[in-house]
Amino acid sequence: MNTLRTWFLLALLTVLLVFIGSLMGGQQGAAMAFVFALLMNFISYWFSDKIVLAMYRAKPLSEAEAPQVYRAVREIATRDHLPMPKLYWLPTKTPNAFATGRSPKHAAVAVTSGLLEIMSEEELKGVLAHELSHVKNRDTLVMTVAAAVAGAIMFLARMAQWSLWAGGGRRNNENNRSNAALQLVALLLIAILAPLAAMLIQMAISRTREYGADETGARLTGNPHGLASALEKLHAAAKAHPLPHANPATAHLFIVNPLSAGVIANLFSTHPPMEERVRRLRGMRL
């Protein structure tokens with residue numbers, strides 16, 4: 001199912017690029033956009049994980065630097081017959097974590113330096129088990145590609161907005177005024193709807209998967225209360241100190257929403273309500 005979702009997202013990206021290319025440059029523009037879409041699809045599938053890690057300046061985490069992380073990940077991975085993922089850390093005091101990679105054999109788990117400072121051993125195990133659950137359930141492929149697609153859609157919106165400001169669609173020839181008006185309307189719609197489409201893609205992919213990863217992670221550690229306690233701490237910290245320079249296109253990758261909370265942000269949140277996540281974990285019977 002995740003493989004089908006991935007190909008759907010890549011096909012959607014191709015259609016959007018070709019459509020916008022045709023608006024801006026006719027058949028020639030559509031052809032150039034199609035070639036660009038193929039390149040984007042290749043990069044999204046094979047390198048999106050590396051792009052996300054580079055975006056947040058993630059650095060390889062050695063066992064000497066964080067033996068507790070290696071100990072917990074190795075224990076969970078061995079118990080569930082998963083390959084040992086590569087481990088990274090993000091140099092920020094905001095506690096959070098995410099997993100990425102196109103398959104369990106090519107997985108990576110990243111934690112922030114702030115996470116290691118506030119988590120107890122059981123809470124840290126819960127967070128890492130949650131991230132390894134995304135790897136086990138093969139969520140990381142579709143989630144990482146979704147980040148790349150959402151980022152591309154946001155890029156398309158910026159292109160459309162730039163075209164509007166630059167006077168895109170205007171022509172001096174009287175015979176082309178009606179076509180220019182149609183182009184202007186189309187670009188305006190893209191500029192407005194593309195960011196919304198990016199958020200809807202993330203929501204459709206992320207919300208139910210977080211519940212599944214919470215449950216699987218709790219079962220892997222045998223302690224749902226450890227993960228519940230960790231989520232409460234992470235939620236409070238994220239509200240007080242949102243992750244610096246967090247990209248909305250990658251928000252769904254993190255265990256808790258790294259963006260600042262608000263009415264609109266909650267409406268389009270890539271994560272389910274924290275109260276419900278904690279309630280389900282507290283009520284689990286293993």
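Please treat every number below as a calculation from the coordinates, not as lab data. Keep in mind that this is a model prediction, so the values were computed, not measured. Every residue, glycine as well, gets a Cβ built from its backbone with ideal geometry; the counts of neighbours run over all protein chains shown.
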Quiz item: Using the Cβ atoms and a cut-off under 12 Å, what net charge is assigned to the surroundings of Gln68, where Lys and Arg are +1 and Asp and Glu are -1?
Solution: -4
Quiz item: So how do Glu117, Glu210 line up by other beta-carbon neighbours within 10 Å, fewest first?
Solution: Glu117, Glu210
Practice problem: Return the distance in nm (one decimal) between the two label points of a simple spin-label model at Glu122 and Lys105, each offset 7 Å from Cα along Cα→Cβ. | Solution: 3.8
